[in-house]
1. For segment 271-289, check the following and say yes or no: at least one residue is in contact with a Lys or Arg (Cβ under 8 Å, 6 or more places away or on another chain), modelled with pLDDT of 95 or more and of a type in the set (D, E, K, R).
2. What is the number of the single condition among (1) open to solvent by 80 Å² or more (accessible area, probe 1.4 Å); (2) at pLDDT below 95 that Lys379 does not meet?
3. Restricting segment 303-323 to residues that are of a type in the set (S, T, N, Q) and part of a strand (DSSP E or B), which is surrounded by the fewest Cβ atoms within 10 Å (Cβ to Cβ)?
4. Kindly provide the set of residues from segment 242-254 that are out of contact with any helix residue (DSSP H, G or I) (no Cβ under 9 Å at 6 or more places or on another chain) and surrounded by 19 or more Cβ atoms within 10 Å (Cβ to Cβ), ordered by number.
5. Search segment 255-285 for residues being touching a helix residue (DSSP H, G or I) at 6+ places or on another chain (Cβ under 8 Å) and not in a strand (DSSP E or B), and hand back the single one that is most open to solvent (accessible area, probe 1.4 Å).
6. Regarding Lys73, is this residue open to solvent by 50 Å² or more (accessible area, probe 1.4 Å), within 21 Å of Glu100 (Cα to Cα) and of a type outside the set (Gly, Ala, Ser)?
7. Exactly one of these conditions fails for Leu200: (1) surrounded by fewer than 19 Cβ atoms within 10 Å (Cβ to Cβ); (2) touching a residue at least 40 places away in the same chain (Cβ under 8 Å). Give me its number.
Amino acid sequence: MSASAIFVLDLKGKVLICRNYKGDVDMAEIDHFIPLLMQQEEEGMICPVITRGTVHFMWIKHSNLYLVATTNKNSNASLVYSFLYKLVEVFTEYFKELEEESIQDNFVVVYELLDELMDFGFPQTTDSKILQEYITQEGTKLEVAKTKVPTTVTNAVSWRSEGIKYKKNEVFIDVIESINVLVNANGSVMSSDIVGSIKLKTMLSGMPELRLGLNDRVLFSLTGRDKGKTVMMEDVKFHQCVRLSRFDSDRTISFIPPDGESELMSYRINTHVKPLIWIESVIEKFSHSRVEIMVKAKGQFKKQSVANNVEIRVPVPSDADSPKFKTSTGSAKYVPEKDLVLWTIKSFPGGKEFLMRAHFGLPSVEKDELEGKPPITVKFEIPYFTVSGIQVRYMKIIEKSGYQALPWVRYITQSGDYQLRTNA
């Protein structure tokens, strides 16, 4: 079973808008939600599901709103949460910003969307591109031609409309990998993994069938082709357009793509990753007078690759003042509201090493409380490079009219949660 009713509340618990789908839970039950939540906050025991008697509240917070689903059955909680997050996604697509004001200004559209997104407590059409075909924010002029529901809502391919035409048929494939690394103060990598996604921008006419081939280790071992570099993908998650039965049987990624931009799949690779930008730091504190910081950054990736827009954030004591900087490249500035030095390097070639020195004054009276030791964090982006070695081997585009289409592939590696701990 799924949700009985959906509520959108402000931070004080006032109902801005609600929709009763099944009528088996008293709508007045929502008045107990905020008191129960505040009680849990005071006890330091906040829980995603709050229960009062036989009624369960499943909730998420977004901006200055609470989105709450109620049920008195043993519902599929993950389905309800997926729906609440999808609700946020659709509302954001319609109103750009989802907050109290946008709900109040667009309540007619919100009601229409709530009617289409869910029926009798079960999610229905949740694709914002399809919803925008027949729920618009323009005036309600009744035209006979527009009262017909798009066929996408009723046919098997609900994420793509029929009759799409392009002069030039192209598909752009972005393989984007984020590296998560945690290095301790002694320079040992404590944890590391790669989170990747394959994003598409599809500009194809008609109803094309696409087949995507990757250097997937499971596929290569199934077909007995264990040559070349392969990757072992875990936690693979696909867009609804991918035929899962086909993937399970022979690891072929076969699909009819949504028009425009979409995320085809995401994956995780659990592997030991060598930090691409290595940081060595020496932070010396001289009590009552000054703090000296020396940071050395080294690019540990191929010489032909270049990291763009590198940002190295070095924490400094909250009572530091009078900053002085010296850098071998890029620029450094003090960000007092975040208690850190921001070292920016526009272009960082592989194999190169750069240095930054900073000098801060400290007050003569020391602070009583002990400060924590925040890590150094690094942000970067390396185009035309994947750290896992994943490759798009082929992209086949089959359409009944037989047109020729061009697939374009781009690889990007970027920093995810990239932290290096310090001794100071």
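The values are calculated or read from the model by the stated rules, or taken from the named source; none is laboratory data. Fair warning: this is a prediction, and the values are worked out from it, not measured in the lab. Because the Cβ atoms are built from the backbone with ideal geometry, glycine has one as well, and the counts that use them run over all protein chains shown. Protein only, heavy atoms only, side chains kept; ligands, DNA and RNA dropped before computing areas. Shrake-Rupley method; radii C 1.70, N 1.55, O 1.52, S 1.80 Å.
1. no
2. That leaves (2) as the condition not met.
3. Filtering segment 303-323 for residues of a type in the set (S, T, N, Q) gives 304-305, 308-309, 318, 322.
Then keep just the ones that are part of a strand (DSSP E or B); that gives 308-309, 322.
Details: Asn308: 14, Asn309: 13, Ser322: 10.
Ranking the candidates gives Ser322 first.
4. Val242
5. Here is the first cut: in segment 255-285, the residues touching a helix residue (DSSP H, G or I) at 6+ places or on another chain (Cβ under 8 Å) are 258-260.
Narrowing the set further to residues that are not in a strand (DSSP E or B) leaves 258-259.
Values: Pro258: 6, Asp259: 42 Å².
Among those residues, the one meeting the criterion is Asp259.
6. Details: open to solvent by 50 Å² or more (accessible area, probe 1.4 Å): yes; within 21 Å of Glu100 (Cα to Cα): no; of a type outside the set (Gly, Ala, Ser): yes.
No, not satisfied.
7. Status for Leu200: all satisfied but (1).
Each row is one residue, and each column tells you yes or no for (1) open to solvent by less than 30 Å² (accessible area, probe 1.4 Å); (2) farther than 30 Å from Val306 by Cβ; (3) at pLDDT below 90; (4) out of contact with any helix residue (DSSP H, G or I) (no Cβ under 8 Å at 6 or more places or on another chain).
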{"residue": "Glu337", "(1), (2), (3), (4)": "no, yes, no, yes"}
{"residue": "Leu340", "(1), (2), (3), (4)": "yes, no, no, yes"}
{"residue": "Trp343", "(1), (2), (3), (4)": "yes, no, no, yes"}
{"residue": "Ser347", "(1), (2), (3), (4)": "no, no, no, yes"}
{"residue": "Glu366", "(1), (2), (3), (4)": "no, yes, yes, yes"}
{"residue": "Glu369", "(1), (2), (3), (4)": "no, yes, yes, yes"}
